[in-house]
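Working notes, structure below.
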């Protein structure tokens, strides 16, 4: 377990990157075979991505509940789309299996949102946190001086 950083820091990353939000919603909890299959497929994909950094996956944070949420970070839109369309990766078989077994039955919902982030269009701050989110996949630097306020962090991200 990472140690808590007991000071004010900000996360930075070189160049453009992608934030990809994805999750599922368990609409019929008693159909565990439906939603468990999806959860296991995501676990396989994350393992594959973590073992192959050349695919552009930088890392992710996850929250579980009736509606799950995973915030992932990618080096580029090309990396994300390349993985989604790859015929040799875990994603396409999982997507096809979802459409065959769940489709539009209403048993389990899935969703995603994709954001391209350019330098100067983001800022972050962490206080009394372990490395988290952008601060975990990028670099943590002290949020002091010009980086103390959000405006300064935005300017520094665009530098």
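The values are calculated or read from the model by the stated rules, or taken from the named source; none is laboratory data. Predicted model only: the values in this text are computed from it and were never measured. Heads up, the Cβs are rebuilt from the backbone with ideal geometry, glycines too, and the neighbour counts pull from every protein chain shown.
Restricted to region 93-113, and to residues there that are touching a residue at least 60 places away in the same chain (Cβ under 8 Å) and part of a helix (DSSP H, G or I), the residue that is surrounded by the most Cβ atoms within 10 Å (Cβ to Cβ) is 98.
With the structure loaded, tell me whether residue 13 is out of contact with any helix residue (DSSP H, G or I) (no Cβ under 8 Å at 6 or more places or on another chain) and surrounded by 15 or more Cβ atoms within 10 Å (Cβ to Cβ) or whether it fails that test. Here the answer is no, as residue 13 does not meet what is asked. Among the residues of region 14-39, those identified as modelled with pLDDT of 90 or more, closer than 29 Å to residue 56 by Cβ and in contact with a strand residue (DSSP E or B) (Cβ under 7 Å, 6 or more places away or on another chain) are 16, 17, 18, 19, 20, 21, 22, 23, 24, 25, 38.
Answer yes or no as to whether residue 83 is assigned to a strand (DSSP E or B), surrounded by 12 or more Cβ atoms within 10 Å (Cβ to Cβ) and at negative phi. When the stated conditions are applied, residue 83 does not pass them. Scanning region 15-59 for residues that are assigned to a loop (DSSP other than H, G, I, E, B) and in contact (Cβ under 8 Å) with a residue 60 or more places away in the chain yields 15, 16, 27, 28, 31. Only one entry of 42, 1, 70 meets the criterion of being modelled with pLDDT under 95 and within 14 Å of the chain's Cα centre (by Cα), and that entry is 42. Look at residue 62 and say whether it is assigned by TED's automatic domain parsing to the domain that holds residue 43 and surrounded by fewer than 17 Cβ atoms within 10 Å (Cβ to Cβ). Taking the combined requirement at face value, the residue satisfies it.
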